[in-house]
Amino acid sequence: MSCAIEAHDVRYRYPNGVVGLDGVDLSVAHGERIAVLGPNGAGKTTLMLHLNGLLSGSGTLFVAGVRVGEGDARQLRARVGLVFQDPDDQLFMPSVREDVAFGPLNLGLSRAEACERVAEALAAVRMQHVADRAPHQLSLGQRRRVAIATVLAMDPRLLVLDEPSASLDPRSRRELLQTLARLEQTMLVVTHDLLFAAELCERAVILSGGRIVADGRCADILRDEDLLAAHDLELPYGRLEVAAAA
Ligand SMILES: Nc1ncnc2c1ncn2[C@@H]1O[C@H](COP(=O)(O)OP(=O)(O)OP(=O)(O)O)[C@@H](O)[C@H]1O
Ligand SMILES: [Mg+2]
C-alpha cells in the first residue's frame, strides 16, 4: 500500500529569499499520528502548506496518492484537510454553519448530507450552539474549534493541524485530544504543546532550520533532554509526566 506522505528532498525558498524548507525527507504510513515539533521559524507551517499544494517547492512529494504540484489538485484538496495556525485564515462566511458546510458542498454533497456533516462536525468540537453566529463574533478559542470543524466536515484522509491546542481552555483541550484520538485518519499535528503531542501521537519528528533532525517514538524524543534543548524545546513539567502519558 502507498504511504500517506512520501517526501523526498523537499526544498522551498520564499520569494524574499528566506529558506522555508531545506531538504525534507519524510515517510508517513496510513493511519499514523505524527507530532511535528520544532522552534519558531523551523518550517513547520511551510511544510504543512506543501501538503495540499498551497506551496510547492522542489523535490518529490506524494500526499494521499497524489503527486503535489503535478497531480489532480482538486482531489488533493478533498483528501487533505488543513487546519491553519490562525483560525481567521479558515473562516470567511457570514455564519459558522455556512463556514462548516462550505467544504462538503464544494465536494458535491447534497444540502441534506452537508447539513448532517455540519451537525456532526460541530458536535465533535462542542460548538453546535454557535452554528448561527458570525465567526468574527466568537472568541479565539471558539474560532479555533470551529476551524477544526470545517475540516472534520470534509472527512479527509489526511488531517493536518497547525497548533490545534493553542488558546484552548483546559476542558476544550482535553476534549479536542479525545476527539482527535477517536479519529482513524492519518494525522500530522504541528504543536508546541509537548504533552498534547505525547498523549496523541506515537511518533514525532523535530523540524529545525527547514530539516527533519529527529524522527522516532514521541516518548523517546521527549525524554531526550539534550535533543530538546538543542532545538529550543522544553517540557513544562519534566519527564515524569511524559513517561506517564506515553
Ligand atoms: N510568507 C513568508 N515570506 C517569507 N518568509 C517566510 C514567510 N512565511 C514564513 N517565512 C519564513 O520561513 C521560515 C519558516 O517559517 P514557518 O512559518 O514555516 O515556521 P514555523 O515552524 O511554522 O514557526 P512557528 O512555530 O512560529 O509557527 C522562517 O524563517 C520564516 O521567517
Ligand atoms: Mg507555524
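The values are calculated or read from the model by the stated rules, or taken from the named source; none is laboratory data. All figures in this text were calculated on a predicted structure; none of them were measured in a lab. Quick reminder, even Gly has a Cβ in these numbers, built from the backbone with ideal geometry, and neighbours come from all protein chains shown. Ligands, DNA and RNA are excluded from the accessible area calculation, which covers all protein heavy atoms including side chains. Shrake-Rupley method; radii C 1.70, N 1.55, O 1.52, S 1.80 Å.
Of the residues making up the range 118-137, those that are part of a loop (DSSP other than H, G, I, E, B) and under 19 Å from GLN178 (Cα atoms) are VAL125, ARG126, MET127.
Just wondering, is there one or more residues in the range 19-33 that are in contact with a helix residue (DSSP H, G or I) (Cβ under 8 Å, 6 or more places away or on another chain) and not in a strand (DSSP E or B)? No, the range 19-33 contains no residue that is in contact with a helix residue (DSSP H, G or I) (Cβ under 8 Å, 6 or more places away or on another chain) and not in a strand (DSSP E or B). Restricting attention to the range 133-180, the residues being out of contact with any Phe, Trp or Tyr (no Cβ under 9 Å at 6 or more places or on another chain), among the polar types (S, T, N, Q) and within 16 Å of ligand 1 (Cβ to nearest atom) number 1. Residues considered: ARG239, ARG144, ARG182, ARG174. Of these, the only one that is at pLDDT below 95, surrounded by fewer than 16 Cβ atoms within 10 Å (Cβ to Cβ) and within 27 Å of ALA78 (Cα to Cα) is ARG182. Restricting the range 149-164 to residues that are open to solvent by less than 10 Å² (accessible area, probe 1.4 Å) and either assigned to a loop (DSSP other than H, G, I, E, B) or within 16 Å of ligand 2 (Cβ to nearest atom) (or both) leaves a set whose member that is farthest from CYS115 (Cα to Cα) is ASP162.
Residue count for the range 18-76 satisfying the condition of being among the β-branched types (Val, Ile, Thr), without any contact (Cβ under 8 Å) to a residue 40 or more places away in the chain and within 16 Å of ligand 1 (Cβ to nearest atom): 1. Once the range 199-218 is narrowed to residues that are aliphatic (A, V, I, L, M) and open to solvent by 10 Å² or more (accessible area, probe 1.4 Å), the residue that is nearest to the chain's Cα centre (by Cα) is ILE212.
Residues are listed down the side, and each one gets a yes or a no for (1) more than 16 Å from ligand 2 (Cβ to nearest atom); (2) within 28 Å of ARG171 (Cβ to Cβ); (3) not in a helix (DSSP H, G or I):
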site	(1), (2), (3)
LEU49	no, no, no
LEU55	no, no, yes
GLU70	yes, no, yes
ASP99	yes, yes, no
GLU113	yes, no, no
GLU116	yes, yes, no
